[in-house]
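Input: a single structure, listed below in structure tokens.
Where a number appears in this text, it was derived from the coordinates with a stated rule and is not lab data. None of these values were measured; they are calculated from a predicted model. For neighbour counting, all protein chains shown are included, and Cβ atoms are generated from backbone atoms with ideal geometry for every residue, glycine included.
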Amino acid sequence: MDKLAEQLRADAAQINSPISPELDARIQASLQGITPEAAAPLPPKRESKSFSSWWISSLTGVAAAVVLIVVVNLQAPEPVPVVSNSTPQPLILPTVEWHARTAVLTSPLEQEMDNLQSDLKKAEEAVKQDIDRLF
């Protein structure tokens, strides 16, 4: 890494680029046109509230909450109990009658597979013959 840094420094030292008078004038004008901003005045320091004012504000908040709860409870109507004259009905579930039967195969599965394959071959031949007739 040191060799790379040294090479970059050597390459930078070899760069010789003259600055045109117009560019130099623009840079100088930019630098002189900048004025530092005046520091904004700090807001006045607020006095910290004393412990007693904190205590008074807390008590005021608690008192307001208690008054609100009392007012809301006094205005609420008395709840009316609901009395049901009927007795609860038992839950009735429908019953399903299952008639389970064992599947009976008329022939072995291998024979069924052979029958299906032969039916597919016959259908394929019929389709080919229909296509030949059309064209």
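Listed values, structure above:
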{"item": "Trypsin sites (Lys or Arg not before Pro) within the stretch 1-101, DSSP loop, no more than 16 other Cβ atoms inside 10 Å", "result": "Lys45, Arg46, Lys49, Arg101"}
{"item": "Environment charge of Gln117, counting only residues whose C-beta is closer than 12 Å and scoring Lys/Arg +1, Asp/Glu -1", "result": "-3"}
{"item": "Helix-derived mean residue ellipticity, 222 nm - over the chain, DSSP H n ≥ 4, -39500 (n - 2.57), to 500", "result": "-19500 deg cm²/dmol"}
{"item": "Low-density loop positions, GluC sites (Glu not before Pro), the stretch 1-74 - DSSP coil, at most 10 other Cβ in 10 Å", "result": "Glu37, Glu47"}
{"item": "Span-rule helices in the chain, defined as complete DSSP H runs reaching 15 Å or more along the axis (Cα) with Kyte mean at least -0.5", "result": "21-33, 51-75"}
{"item": "Eligible aspartates and glutamates near Lys128 by straight Cα distance, threshold 18 Å, same-chain separation 8 or greater", "result": "Asp119"}
{"item": "Per-selection Kirkwood Rh - the chain (Cα, Å, 1 d.p.)", "result": "32.3 Å"}
